[in-house]
Amino acid sequence: MAAPSSLHRSIAPPKIAAGKLTRDLDLTPGELVGLLELTGRVKGHPARFAQALTGNYISLLFEKPSLRTRMTFELAIKQLGGDAVTSIGPIADREPLKDVARNLDRWTNAIVARTFSQETIDGLAQWSNVPVINALSNLYHPCQALADIFTLQEQFGDVRGLKLAFVGDGNNVAHSLMLCAARLGMDFTIGCPKGYEPNAAILAEASGLAAFTGAAIEVTSDPIQAVAGAHAIYTDVWTSMGQEDEKRQRLADFAGFQVNETLFGRARPDAKFMHCLPAKRGEEVTDEVIESSCSVVFDQAENRLHVQKALLLMLLG
């Protein structure tokens, strides 16, 4: 039998053993590296993958408003030759979650869900036999973190030994970035006010992983200490969706944690600014920083499309 062509070998995606991405650690370290490598191939040669998901239909479930997540998933699916159906609103409002999951399981090839609760993501995965992708929950934002790490690779090459500083709330984005950094040997420091630290169990997971890769995971209440020597400074909104009643208190608690030119100047001269968007300019970041030549926020947004293509290929291709 003739050996497969080099083109065929070059586009055959690795598989994700877990068959899902409900949380960051559903990807093994090897699968994480493979996904980032595949993202580069997909971004560089999109035409090679244009029909890879022909005949596949994906359910997109959105409990929260979305621009980047919805648009990039819809485009990723269609640019790979598949199609999507979208539902907006509470996922288990009219009927039990287990019934929703088993209906979608019969109709579509995968489920992408952006939810308020991680329990909803886990329930969808429990009650369906098709891949489930976490497009955001209260605990994790794996697709965002994957795009962010890929963006850092584009800027710096190998991310091992880099320092990523997160300034702000120890939220879902911080959790996913911390878990990715720990597995890839990248130092991660979060500077946050007391009472806004990352989830203790997730922090312990990341610290345990970092012990094997040589990464440093740190939490501090001093934003200047957090960004010292950083290759990239990352921030996010101080008040996320569902926390609107806490806004006044959060504005007071996060005073001093704004990423402005003074704080950014404490990082390395070649440091990059990162944000998952949307940004509240004048709160967590100033317009001068987010619009500067150091900002890669729109590279991050673009790379959501490419990394999600790679993820779909690894689950369905």
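The values are calculated or read from the model by the stated rules, or taken from the named source; none is laboratory data. The model shown is predicted, which means the values in this text are computed figures rather than measured ones. Please note: Cβ atoms are built from the backbone with ideal geometry, for glycine as well, and neighbour counts cover all protein chains shown. Keep in mind that these areas ignore ligands, DNA and RNA; they rest on the heavy atoms of the full protein, side chains included. Shrake-Rupley method; radii C 1.70, N 1.55, O 1.52, S 1.80 Å.
Work through the residues other than Asn199 whose Cβ is under 13 Å from its Cβ and net out their charges, Lys, Arg +1 and Asp, Glu -1. The answer is -3. Springs between Cα atoms under 10 Å define the GNM used for the chain, and in it the highest mean-square fluctuation of Ala47, Ala113, Ala182 occurs at Ala47.
Starting from the Kirkwood Rh over alpha-carbon pairs, what translational D in µm² s⁻¹ does segment 1-148 have by Stokes-Einstein at 37 °C and 0.692 mPa s? Can you show the working numbers first?
Working: Rh = 16.2 Å.
My calculation gives 203 µm²/s for D.
When only Cα pairs below 8 angstrom with a gap of at least 6 residues are kept, the chain shows a relative contact order of 19 percent. Accessible area per residue was computed with a 1.4 Å probe on protein heavy atoms; Glu218 scores about 90 Å².
Could you calculate the contour length gain from Ala211 to Val33, that is, 0.36 nm times the residue separation minus the distance between their Cα atoms, to one decimal place in nm? Walk me through the intermediate numbers first.
Working: separation 178, 0.36 × 178 = 64.08 nm, distance 1.83 nm.
Gain on stretching Ala211 to Val33: 62.2 nm.
Measuring with a 1.4 angstrom probe and ignoring ligands and nucleic acids, Tyr140 comes out at about 10 Å² accessible. Summing Lys and Arg as +1 and Asp and Glu as -1 over all other residues whose Cβ lies under 14 Å from the Cβ of Ser66 gives a net charge of +3.
Are any of the pairs Lys15/Lys163; Lys43/Lys64; Lys163/Lys272; Lys78/Lys309; Lys15/Lys272; Lys15/Lys309 more than 21 Å apart by Cα-Cα distance, and if so, which?
Values: Lys15/Lys163 30 Å; Lys43/Lys64 28 Å; Lys163/Lys272 11 Å; Lys78/Lys309 10 Å; Lys15/Lys272 32 Å; Lys15/Lys309 13 Å.
Checking Cα-Cα distances, Lys15/Lys163; Lys43/Lys64; Lys15/Lys272 exceed 21 Å.
Can you tell me the mean projection area, over all orientations, of the convex hull of segment 66-224's alpha carbons? Units nm², please. For the Cα atoms of segment 66-224, the hull's average projected area reads 11.0 nm².
For the residues Trp238, Trp127, a 1.4 Å probe over the protein chains yields an accessible-area ranking, largest first, of Trp127, Trp238. Report the trypsin sites (Lys or Arg not before Pro) located in segment 161-206 that are in a DSSP loop and have at most 13 other Cβ atoms inside 10 Å of their Cβ, or state none. Answer by residue number: Lys194.
As a test of reading the structure, rank Leu316, Leu124 by solvent-accessible area (1.4 Å probe, protein chains only), most first. Mind showing how you got there, number by number?
On the way: Leu316 35, Leu124 0 Å².
Heavy-atom accessible area, descending, gives Leu316, Leu124.
Largest to smallest in accessible area, the residues Phe212, Phe257, Phe156, Phe298 fall in the order Phe212, Phe298, Phe156, Phe257 (1.4 Å probe, all protein chains included).
On full extension, the segment bounded by Ala200 and Thr262 gains 19.3 nm, given 0.36 nm per residue less the C-alpha separation.
In Å, what Kirkwood hydrodynamic radius results for segment 15-96 from the alpha-carbon pair distances?
Numbers: mean 1/r = 0.0682 Å⁻¹.
About 14.7 Å for segment 15-96.
Net charge in the neighbourhood of Leu312 (other residues with Cβ under 13 Å of its Cβ; Lys, Arg +1, Asp, Glu -1) is +3. Surface calculation, 1.4 Å probe, protein heavy atoms: Glu244 sits at approximately 120 Å² accessible.
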